[in-house]
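Step one of this worksheet: look at the structure below.
The values are calculated or read from the model by the stated rules, or taken from the named source; none is laboratory data. All values reported here derive from a predicted model rather than from experimental measurement. So basically every Cβ, Gly included, is an ideal-geometry build from the backbone, and we count neighbours across all protein chains shown.
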Amino acid sequence: MKKWIKKAASVALVTTLLAGCSFGGKEESSNTPQALKVMYHDENSFYQEYGMLFSTIYPEIEISVVTMQSLYRGNNTSEDGEEFDFEKAKKELIEKEKPDILMLDMLQYEEFALEGKFTDLDAYIVRDKFDTENLVPGMIDYMKELGGGQLYGLPSGFSSQVLFYNKSLFDKYNISYPTDKMTWDEVLQLAKQFPIDGEKEDRIYGLKAGYSGGLSELANSIAGSEGLSYVNPATKTMTINTAGWKNAIQTAYDAIKSEALYFEAQNNNMMSFSSGYNDYLLRNPFTTNRVAMTLDGSYYIREMKEAAESYSKEEGKVIKDWDMVTIPVSAQNPDVSRSTWYNNIFSISKDSPNADAAWKFISYISSEEHARVKSKLTYNNGFSIHTKYIKDDEGHNYEAFYKLKPVKPSMDYKEYEKLPKQFNMMFYNFMEEELKEIQDGKKSVDEVLSILQTKGEELLAQESMTDEEIQKMWQERYEKQMQEEAGNIDTVVVE
């Protein structure tokens, strides 16, 4: 009875949204009752995102949701005292509940696909003439790559970042607009063309490049775009003392010293808890025409539009003329991005007795019909996989969000489990300290890279710490950070 009431409520809630929407060409629903088990984060969010719409179109398919809430409740230890293993617990949940459809991220999808746990979707796509031509370019090929050559799942959306730029500022200083697939070096050279004179609270900056302004933050961003890692977990060897890392650090150092970059921490861009939402909308200096370029996600478009509406009577207070291009890429591999991620990949369990019903669900939420209806909602989770609905009426370059394909990690993430548990935390902290020595003019890049290589090798040779030891180390670092921040606040007050 409870499930019937929930289904009826779902249909009622979505009726208004569906009213007036044409579903021309839609296959007629069968009246034969069917059951379907879907594994998802939780039941409520499933029905909000997918279930209400699907149940309206296919009322004969009774959906039950296998929730993963028990896996998210911060279990640190199992009943027998062992450390809680999320992935193991998830596999046990799947084995126990045997869902027809699994919702996965890209790493889980690849792992399960290569273990042969899914049904190949190609036969269904051919049978139903499912349209893949208008999907995000490269998505199907990438999903097949992760699946070892077979298509075992379809994402319901994707997320990515772009480089926003202020056209008015570029015009004012007669500087050429950025273009798609620029490297970090090219973007930073553009940023350096803007004037650096004036007080830091009022002047123009070429690029908002992060939070801290530390050399480590920017250098790691540049290195990441080049696919560089400071360690090879498979062989437990350090890989930081290389020409690639030297170039990344030197490029970041030169950019910071140019004073063309804006960093939140250095500009005291902190808001009090009493600040209203309109003040929050102005926290980003790109919004207030003080920064020429910034890296951000799709949500920022909504923030800019809300700021424009809130301050519509104050001419010039917030940005008006803007566009976007792809984020900085590697010169060697300019077609991929490490900031593109396919969301909520749905796959059919290989042994599902309800594979046909499962395909109806996946094909519907991956269809243009579903994308059209969801596009009417103001707040969506990322972008649709249909490029037709990734646009606006003002002609902004939305293609920048999907022009770059995700890049498959060169290392299996499980290889990192071979490293001492404390390695990444301790090495990154040490790296921050050493790169600050470069930033302060106390050491050369070559000298620091040599030191980091040696220190990393020493850490790799250590035995893994216990969970209690790592927790204590985290606590000590947190307390030290809080003391440093309190000291910085005192300094500002004194000044």
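Scan the range 155-177 for residues that are touching a helix residue (DSSP H, G or I) at 6+ places or on another chain (Cβ under 6 Å) and at pLDDT 95 or above and the total you get is 2.
Of the residues making up the range 145-154, at least one is crowded, with 17+ Cβ neighbours inside 10 Å, at pLDDT below 95 and either part of a strand (DSSP E or B) or among the hydrophobic types (A, V, I, L, M, F, W, C) (or both).
Looking at residue 188, is it in a helix (DSSP H, G or I), out of contact with any helix residue (DSSP H, G or I) (no Cβ under 9 Å at 6 or more places or on another chain), crowded, with 16+ Cβ neighbours inside 10 Å and not assigned by TED's automatic domain parsing to the domain that holds residue 140? Judged against the criteria, residue 188 is not a match. Listed by position, the helices (runs of 4 or more DSSP H) inside the range 216-311 whose residues that are at pLDDT 90 or above number at least 1 are 243-257, 299-310.
This table checks each residue for (1) exposed (fewer than 12 other Cβ atoms within 10 Å of the Cβ); (2) over 25 Å from the mean Cα position of the chain (by Cα); (3) touching a residue at least 40 places away in the same chain (Cβ under 8 Å); (4) under 14 Å from residue 240 (Cβ atoms).
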site: 423; (1), (2), (3), (4): no, no, yes, yes
site: 432; (1), (2), (3), (4): no, no, yes, yes
site: 436; (1), (2), (3), (4): no, yes, yes, no
site: 481; (1), (2), (3), (4): yes, yes, no, no
site: 484; (1), (2), (3), (4): yes, yes, no, no
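For the range 200-219, the criterion of being free of Cβ contacts under 8 Å to residues at least 24 places away in the same chain, farther than 27 Å from residue 443 by Cα and assigned by TED's automatic domain parsing to the domain that holds residue 322 is met by none of the residues. The residue that is modelled with the lowest pLDDT, counting only those in the range 404-417 that are farther than 19 Å from residue 153 by Cα and among the charged types (D, E, K, R), is 412. Within the range 87-109, not a single residue is at pLDDT 95 or above, farther than 20 Å from residue 37 by Cα and assigned by TED's automatic domain parsing to the domain that holds residue 345. Looking only at residues in the range 318-340 that are of a type in the set (Gly, Ala, Ser) and more than 17 Å from the chain's Cα centre (by Cα), the one that is nearest to residue 286 (Cα to Cα) is 330.
Pairs, please: C-beta under 8 Å, at least 6 apart or cross-chain, first residue at positive phi and in the range 304-322, second assigned to a loop (DSSP other than H, G, I, E, B) and at pLDDT 95 or above? Sorted first by the residue in the range 304-322, then by its partner, the pairs are 316/289.
Per the listing 427, 401, the residue uniquely at pLDDT 85 or above and touching a Gly at 6+ places or on another chain (Cβ under 7 Å) is 427.
The conditions of being assigned by TED's automatic domain parsing to the domain that holds residue 106 and modelled with pLDDT of 90 or more are met by residue 395.
When 230, 280 are screened for being free of Cβ contacts under 8 Å to residues at least 12 places away in the same chain and of a type in the set (Ser, Thr, Tyr), only 280 passes. Note on the range 386-408: residues that are surrounded by fewer than 16 Cβ atoms within 10 Å (Cβ to Cβ) and in contact with a Leu (Cβ under 8 Å, 6 or more places away or on another chain) total 1. A count restricted to the range 95-107 and to residues that are touching a residue at least 60 places away in the same chain (Cβ under 8 Å), outside any strand (DSSP E or B) and within 18 Å of residue 42 (Cα to Cα) stands at 5. If the condition is being modelled with pLDDT under 95 and aromatic (Phe, Trp, Tyr), then the range 322-368 contributes 341, 342. Scanning the range 312-336 for residues that are surrounded by 15 or more Cβ atoms within 10 Å (Cβ to Cβ), of a type in the set (S, T, N, Q) and either outside any strand (DSSP E or B) or in contact with a Pro (Cβ under 7 Å, 6 or more places away or on another chain) (or both) turns up just one, 330.
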